[in-house]
Each structure stands twice: as structure tokens, then as C-alpha cells.
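Step one of this worksheet: look at the structure below.
Values in this text are rule-based calculations from the coordinates and carry no lab data. Because the structure is predicted, anything quoted here is derived from the model rather than measured. Backbone-built Cβ (ideal geometry, glycine too); neighbour counts: all protein chains shown.
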Amino acid sequence: MPKATKNNAMHWFRRGLRLHDNPALVATLEQSPTQVYPVYVLDGDSYEVFRCSPLRATFLVECLQDLDARLRDLGSRLYVLEGDPVTTLPEKWKEWDISHISWETDETGEPYATARDETVLQKAHDANIRVLQECSETLYPLNAYVKKAGKKGVPATMTGFQKLFDSMPPMHKVLPAPTKEDFPDIKTSKNENTNTTMKNLKDKYLPPKKPTDLPWPRNTPRDQVECVWNANDCKNLTPVVHGGETLALKALKESLAKPNWVAAFEKPKTDPTSIKPATTALSPYLSWGCLSPRQVWVALDEALEKATVSPSKPPVSLHGQLLWRDFNNLMAHDANNETPACWNHIEGNKYCRNIPWDDDPKALEAWKTGRTGFPWIDACMRQLAQEGWMHHLGRHAVACFLTRGDLWQSWEEGAKHFEAQLLDADYALNGFNWLWLSCSGFFYQYFRCYSPVGFQKKNDPSGKYIRKFVPELKNLPDKYIYEPWEAPASVLEKAGVKLGETYPRPIIDGDHKDVSKDNMSRMKAAYDAHKAEQAVASSSKTKKQRTSE
DNA sequence: CACACGTTGGCTAG
DNA sequence: CTAGCCAACGTGTG
């Protein structure tokens with residue numbers, strides 16, 4: 001029998017945990033491979049798993065289970081490997097006689113993924129394996145924005161980004177999910193070897209069943225892992241959404257079922273104290289890639305066609321939310337392009353002002369655990385722990401409180417906690433929003449400060465949101481639900497609240513008004529110092545230019 | 001150099 | 001419910 005040219009494909013899922021609009025997967029199938037191995041590598045050191053709460057772990061497990069089920073519907077399956085992709089993948093290339101591999105490009109410059117992909121690329125080259133990479137994490141490839149922006153560089157304001165976006169050519173069309181016919185049919189395959197291999201793998205490399213099946217980071221001592229938990233911590237959690245492409249597509253359909261709601265959507269006007277999310281809550285699906293942003297974009301277009309009210313516009317509209325996402329990704333890409341690995345750090349981040357934050361582990365811990373003594377802040381933080389989600393404006397309030405507003409703690413610490421806890425934790429978006437809220441970058445009006453007391457009284461005067469997530473306060477009368485320390489002793493007693501025992505007194509020294517005023521002058525000083533630094537830098541630059549002339 | 005503007009502040013007066 | 005002030009940021013445009 002003549003030896004056929006080998007043509008075995010591997011598609012490596014990382015983010016992009018979906019079949020629809022997956023150009024890298026399609027590119028692999030277009031090679032008409034004899035066999036296809038869709039793989040996912042469980043990697044404790046990856047950005048997604050390194051800091052991973054039980055809720056995030058559960059979500060990932062659900063995504064992988066769903067992906068496997070959807071592939072099985074097409075006569076294929078998912079192979080879940082474990083360990084460092086840099087060594088695990090090459091082992092399987094050899095074992096499975098792979099000739100080409102595909103994956104969705106990570107363009108954000110997230111340091112772990114960037115180094116990992118460079119190594120895998122090199123090893124594939126050495127092993128004579130063809131690599132097919134496609135961009136589908138954003139509406140346009142980030143590189144396409146960079147090219148279009150040209151010499152003057154990418155815009156660092158949303159207005160500028162919107163102009164750039166409007167100048168882009170038509171968007172790449174949404175690719176449908178592959179069908180059964182796109183996958184090789186094992187049953188009719190005449191290749192004996194392939195059939196035997198597939199049979200031998202039948203009970204191997206199955207997706208994880210529970211969150212505790214996920215690996216811990218390989219190179220970090222257990223006590224230094226950011227988020228340590230066990231099976232017990234997985235009980236009684238109520239995730240805002242469950243993982244997987246199937247549920248993602250269903251949620252998308254349901255979100256857009258009311259065209260007039262879509263058209264009228266204005267993000268700042270949605271209610272953070274709603275018990276059921278007042279927004280679409282599609283962000284976890286976009287973050288893990290269960291949903292394609294282009295798919296959402298097109299679905300929004302279709303919904304708007306059916307609307308009878310005039311549509312809101314970016315940046316507050318639903319389309320606008322996708323623009324923010326691309327903009328944030330572009331900023332991360334640009335920051336990391338110049339000084340690698342800086343985006344979720346202060347050090348070396350060209351978009352971040354260095355503000356001399358305090359370091360108070362007790363304050364940080366109180367914030368993380370929802371025990372600051374400010375019921376609205378604590379309710380938000382406890383919703384995060386309970387559901388893996390909180391409304392965008394809640395995130396604003398707690399981020400402001402932790403940093404420039406009250407506690408004066410570094411946004412890096414807040415960002416790490418969000419990365420561990422949020423189902424939608426996203427490298428680019430999380431970094432951008434912490435820069436914004438702490439007034440370290442992109443937003444500078446530090447005199448606009450959220451009140452941890454009054455901010456949501458307008459939406460929720462009776463404090464039903466607080467009563468749900470901070471149940472030890474649930475019997476307080478409306479008048480004191482946002483500020484229990486103002487309540488007379490008799491009222492507290494009647495509600496069963498003992499301040500300092502059943503619920504903390506406010507963590508800050510004095511009134512929020514006074515503390516935030518003081519912090520504003522600290523911001524002013526930090527900004528002045530920054531200005532002075534800039535002046536020195538630019539004058540030394542001018543000098544250099546003169547000397548070189 | 002002046003001025004408008006910036007996804008989503010708080011507060012008070014009317 | 002709205003307007004205007006608070007004290008006053010940086011960026012982009014003319």
C-alpha cells in the first residue's frame with residue numbers, strides 16, 4: 001500500500017471556547033484532514049486558571065463539558081490534556097502524527113500567553129508542523145486597527161477610537177459553526193491505524209467533571225497561590241450564569257428578544273441594585289470566547305431593525321459596549337507592545353500614573369471579604385463572591401472606594417482580586433477599568449468621586465440589594481440600611497445588629513466626605529509630581545536632541 | 001491660548 | 001426632575 005501524505009490536524013482551544021465564528025477551527029477543517037484532534041490544555045499557570053475562584057473553575061468545567069458535547073454531536077470530541085502546553089502539545093504531535101495545528105491568536109500581549117505561544121510556534125516549526133492562526137477575539141484584529149491608525153499611533157480616547165472604528169473596512173462576516181460533514185468520518189475511514197488510535201483514546205482525555213479537577217499552578221508554592229480553595233468552598237454558590245457556548249447562544253437570543261429594550265439601552269442608566277442583572281450579563285461568555293463579538297454585533301444589528309424606538313448611540317448603547325471591549329483590548333495591546341507585561345501593573349505602564357498608594361493588608365482584606373462597614377460596598381463585594389459578577393457601576397463604586405475614594409490601596413491588588421473572582425475577568429478590560437477608576441489612566445477627573453453611602457439610594461431606597469447580600473442587616477429600617485452607624489442604639493438592638501460584632505463599624509477614620517476630600521489633595525499632589533516629572537523628561541529630551549544635532 | 005468635551009458624581013436650590 | 005455649582009483633571013481642536 002502506498003504511503004499517503006499525512007494530514008492529521010489539531011485545533012488548540014485556549015480562549016475562544018466555541019464552534020461558531022471560529023476561523024482558526026474552520027481553517028484547519030478546510031485542509032480536509034484525515035483526523036482532527038480538538039484539544040484543550042488544562043494549565044494552572046495560564047492567565048485563566050492561575051487566579052481562579054471556585055466559580056470561575058466551575059464555569060470553565062461547564063465550558064469544556066459543553067464544547068465536548070457539541071463536538072460529539074458532529075462525530076468528533078474534545079481531548080483535554082494537562083500540564084504545560086509547551087511540552088504537552090509536542091508530545092501529542094508525535095504520538096498522534098500531527099501535520100498541522102490551529103489556534104485563535106492572542107493579540108493582547110498578555111505575558112504568559114505571549115511567551116507560551118512563541119515557544120509553541122518555534123517547536124512547531126522545528127517539528128515541521130504547519131501553524132494556522134486566526135484573530136477572532138475582537139471585532140477587528142487589533143493589528144488591523146494599528147495599521148489603519150498608521151504613524152500617529154492608536155488613539156487613547158474613546159472618541160478617537162470610535163473615529164478609527166468608523167474608518168475601518170466592512171467587518172469580517174460571521175462564520176457558521178462547522179457541520180458533521182466538515183469533520184472526517186471515522187467510521188468510513190479506511191485508515192486502520194487512525195481507527196485503532198481513536199479507539200484506544202476512547203476513555204482518555206475526557207473533560208473535567210468538577211471544579212476541584214482543575215490543576216493548581218505548577219511553579220507557585222501552594223500558600224502563595226492567589227486564590228486557594230477546596231471542595232467545601234464550592235458549595236452554595238449561585239453563579240450569575242453557567243458556562244458553555246450552548247447557554248451563551250441561548251442567552252444572546254433571550255437578551256435581544258425585546259428589540260425596543262435593545263434600542264433604548266443606555267449603560268449608565270441601568271440599575272446596579274437589581275437582583276437580576278439589569279444588563280445582558282453576556283460578558284462571561286465574551287471573555288471566555290463562548291460568544292463571538294462579531295456574532296453579538298450582528299445580532300444587535302438585527303434586533304435594532306425590529307425596534308420601533310430610536311436607538312441609543314455608542315458609547316452608551318449595546319454596540320458601544322462592544323466598542324469599549326475592542327478599545328480596551330487595543331490599549332492593552334499597545335501598552336504591552338512597548339513595554340512587555342506591563343498592562344495589569346503600575347510599573348512600566350505608559351498609560352498609568354504612579355500614585356503613591358498605601359499598603360494596608362487589613363483594609364484590603366476587609367474590602368475583599370465585604371466587611372468594610374459600608375453596606376452598599378459590602379453588598380457588592382459579597383455579590384461578587386457569591387455570583388462571580390457585579391454590575392458595572394457597582395464595580396465603579398467598589399474600585400473607587402478601594403483606591404482614590406477611601407482606602408487609598410493600590411489598584412493592582414483590586415485587579416488581582418477581580419481576576420480571581422469575576423466570571424468575566426478579562427485581561428484587557430480589567431486592567432483598563434482599574435486604571436480608569438483609580439484615575440491612574442484614561443480618566444482624570446478625580447474630584448468626581450462615588451459615595452459609598454448615597455450612590456445607589458436613588459435606585460434602591462429600601463436597600464433590598466443590601467438586605468439580600470448582607471443579611472445580617474436585613475431587619476434594619478430603610479432609613480439606616482445604607483448607614484447603620486447612624487442608627488440609635490434601640491433601632492440597632494431591635495434589628496439584631498451589634499456594630500463591631502455582627503457587622504463592622506466603618507473601616508475608615510472619620511467621614512467619607514472628609515476622607516475623600518483629603519484623598520483628592522493627595523491625587524492633586526500626585527498629579528503635580530507627575531507633571532514635574534514630565535517636564536524634566538521633556539527638557540532632558542530636548543537637550544539630547546540638541547546634543548545630537 | 002482659550003475652550004469644549006469627556007459612557008455613568010454629589011449636593012443644593014428651585 | 002432639572003440646573004447649576006463644586007473646584008478644577010487631561011485631551012483635542014481651533
The conditions are (1) within 16 Å of DNA strand C (Cβ to nearest atom); (2) on the phi < 0 side of the Ramachandran plot, and residue A:483 fails exactly one of them. Which is it? (1)
Quick test of your reading of the structure: residue A:313 fulfils all but one of (1) surrounded by 20 or more Cβ atoms within 10 Å (Cβ to Cβ); (2) without any contact (Cβ under 8 Å) to a residue 12 or more places away in the chain. Name the failing condition by number. (1)
Inside the range A:46-73, can you point out the residues that are over 20 Å from the mean Cα position of the chain (by Cα) and either among the polar types (S, T, N, Q) or within 19 Å of residue A:427 (Cα to Cα) (or both)? A:65
Which one of the conditions (1) at positive phi; (2) of a type outside the set (Lys, Arg); (3) touching a Ser or Thr at 6+ places or on another chain (Cβ under 7 Å) does residue A:439 fail to meet, given that it meets all the rest? (3)
Looking at the structure I just gave you, is residue A:353 among the charged types (D, E, K, R) and within 16 Å of DNA strand C (Cβ to nearest atom)? yes
State whether one or more residues within the range A:433-454 are away from DNA strand B (no atom under 15 Å from the Cβ), assigned to a loop (DSSP other than H, G, I, E, B) and crowded, with 24+ Cβ neighbours inside 10 Å. no
Here is a check on your reading of the model: is residue A:341 of a type in the set (Gly, Ala, Ser), over 21 Å from residue A:18 (Cβ atoms) and part of a loop (DSSP other than H, G, I, E, B)? yes
Can you find even one residue in the range A:484-491 that is assigned to a loop (DSSP other than H, G, I, E, B) and hydroxyl-bearing (Ser, Thr, Tyr)? no
Among A:495, A:526, A:532, which is surrounded by fewer than 17 Cβ atoms within 10 Å (Cβ to Cβ) and more than 15 Å from DNA strand B (Cβ to nearest atom)? A:532
Would the range A:270-285 turn up any residue that is over 30 Å from residue A:83 (Cα atoms), in a helix (DSSP H, G or I) and under 21 Å from the mean Cα position of the chain (by Cα)? no
Number of the condition not met by residue A:109 [criteria: (1) at negative phi; (2) in a loop (DSSP other than H, G, I, E, B)]: (1)
If you scan the range A:455-489, which residues turn out to be within 10 Å of DNA strand B (Cβ to nearest atom) and buried (at least 19 other Cβ atoms within 10 Å of the Cβ)? A:455, A:456
Filter the range A:372-409 down to residues that are out of contact with any Asp or Glu (no Cβ under 8 Å at 6 or more places or on another chain) and among the hydroxyl-bearing types (Ser, Thr, Tyr), then give me how many there are. 1
